[in-house]
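See below for the structure under consideration.
The values are calculated or read from the model by the stated rules, or taken from the named source; none is laboratory data. Owing to the predicted nature of the structure, the values given are computational and were not obtained by experimental measurement. Every residue, glycine as well, gets a Cβ built from its backbone with ideal geometry; the counts of neighbours run over all protein chains shown. Just the protein is used for accessible areas: all its heavy atoms, side chains included, with ligands, DNA and RNA removed. Shrake-Rupley method; radii C 1.70, N 1.55, O 1.52, S 1.80 Å.
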Amino acid sequence: MDLKYLHTFKTVTEEGSFIRAAERLNYTQSTITFQINQLEKDLSIKLFEKIGRKMVLTKAGESLIPYVDDVLFSLDKLKNFDADLSGYSGDLHVGVGETLLCYKVPRILRKFREEAPKAQLFLRSMNCYDIRDELMTGALDIGIFYDYVGGFGTSLKTHAIDTYGLALLASPEMRDRFPDFITADQQIPVSFIINEPTCVFRQIFEQYLRKKSIMLDHTIEMWSITTIKNLVKNNVGITFLPRFAAAEELKAGSLVEIRTELTDMTIAAVCGYHKNKWVSPLMDLFISSCATIQ
């Protein structure tokens, strides 16, 4: 039995279709079909059946999933056997939420580099939902993200890092013009400057606005926290971010807080990985380093 057939089977079950599995594995759809057919021949069972236009797992296919997980988990450990013997070496794929990467993680990375100079660290700034999803599929080894995203149940093991306060931020002039974000049923002619629609801070604040029936002018989407803050400082609009992301500006007075009913709200950051992931010495070092983030 070819082990790549097991990996293909697992990918199909995670993606829910042969087409998406082919895209993820960079295979043709015919290759996916061939490998699944070969696996069915090797096991003498039918793994998928066509219902309408969809290929769905048979009962035998559902029963096979935990066995495949065990085999691939053991294979992952085997691949890291040399790294285990040689200490802190090997590859580590880590996804980090942008604000955490910018303001909380750099000193951890410096310490990690000092203790694991032979390691190959593949670091990505990512949306928290994407981090969750890639941890679930095994594309990432470790994620540092806000657990507000939820949706991972017991599939991920998470370690609490810290909780952080959130704030509605504006320039002093903008706060003087629009100080009231608590009174319901009002229209405020100011722009909301924030990241993509799946940004957790954006989701929290937009949910608050809907609850209060507060209408803003429009939303300006920016991908850089630094750019967002610069626009807000220059009276282009307001934003909603963790306080630590604007600590220097708040201290200098170039940004100020506007009180809302979310002023005392906090959001929790966690370090997570898939429950079936083998925690290599390198992973363990990185995870333990995250405990020093504040």
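Points worth noting:
- Phe152 touching a Ser or Thr at 6+ places or on another chain (Cβ under 9 Å) and within 14 Å of Gly95 (Cβ to Cβ): yes
- All positions within the range 29-71 that are basic (Lys, Arg) and either surrounded by 14 or more Cβ atoms within 10 Å (Cβ to Cβ) or in a helix (DSSP H, G or I) (or both): Lys41, Lys59
- Residue list for the range 187-198, restricted to those being open to solvent by 10 Å² or more (accessible area, probe 1.4 Å) and either at positive phi or in contact with a Phe, Trp or Tyr (Cβ under 9 Å, 6 or more places away or on another chain) (or both): Pro189, Asn195, Glu196, Thr198
- Among residues of the range 229-279 being surrounded by 21 or more Cβ atoms within 10 Å (Cβ to Cβ) and small (Gly, Ala, Ser), the one that is nearest to Pro189 (Cα to Cα) is Gly237.
- In the set (1) free of Cβ contacts under 8 Å to residues at least 40 places away in the same chain; (2) assigned by the TED database to the domain that holds Asn230, the condition left unmet by Gln120 is number (2).
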